[in-house]
1. Which one of the conditions (1) surrounded by fewer than 10 Cβ atoms within 10 Å (Cβ to Cβ); (2) under 13 Å from the mean Cα position of the chain (by Cα) does Thr66 fail to meet, given that it meets all the rest?
2. Restricting the search to region 69-113, which residues are over 19 Å from Lys39 (Cβ atoms), surrounded by 10 or more Cβ atoms within 10 Å (Cβ to Cβ) and of a type in the set (S, T, N, Q)?
3. Checking Thr66 against (1) outside any loop (DSSP other than H, G, I, E, B); (2) free of Cβ contacts under 8 Å to residues at least 60 places away in the same chain: exactly one of these is not met. Which one?
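Every number in this text was worked out from the coordinates using simple rules, so none of it is lab data. Computed from a predicted structure; not experimentally measured. For neighbour counting, all protein chains shown are included, and Cβ atoms are generated from backbone atoms with ideal geometry for every residue, glycine included.
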Amino acid sequence: MFMLLKYQREKKLVKHIIIWRLKPEAHGNTAARNAVLIKEKLEALQGKIPGLLKIEVGIDFVHSDTSGDLALYAEFEDRAALELYRDHPEHKAIFPFIAGARTERMMADYELS
């Protein structure tokens with residue numbers, strides 16, 4: 001009980017970052033087209049999931065050997081909001097499309113102190 005109360009008092013903003021590399025072709029589309037579609041699908045979640053404060057998706061323009069093709073940046077009220085986002089049906093509905101289009105995925109989640 002004490003830990004729960006302590007957590008509730010110490011809510012911290014959470015940042016969620018993902019970088020994907022995409023397959024040259026998937027779902028009958030080029031990587032460039034899939035990047036646009038993924039961006040649209042993810043940014044459409046804004047305002048639909050409680051605790052999701054901000055979501056943006058950027059498409060890489062450098063195209064170097066060390067670049068990802070697509071990056072997601074999101075802010076959440078706290079860890080509980082991030083968990084709600086991960087399990088939300090509208091978010092989960094996008095998974096198969098992204099999974100079928102990507103070759104790599106890197107992620108980082110952190111709290112602001």
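1. For Thr66, the exception is condition (2).
2. none
3. With respect to (1) outside any loop (DSSP other than H, G, I, E, B); (2) free of Cβ contacts under 8 Å to residues at least 60 places away in the same chain, Thr66 is out only on (1).
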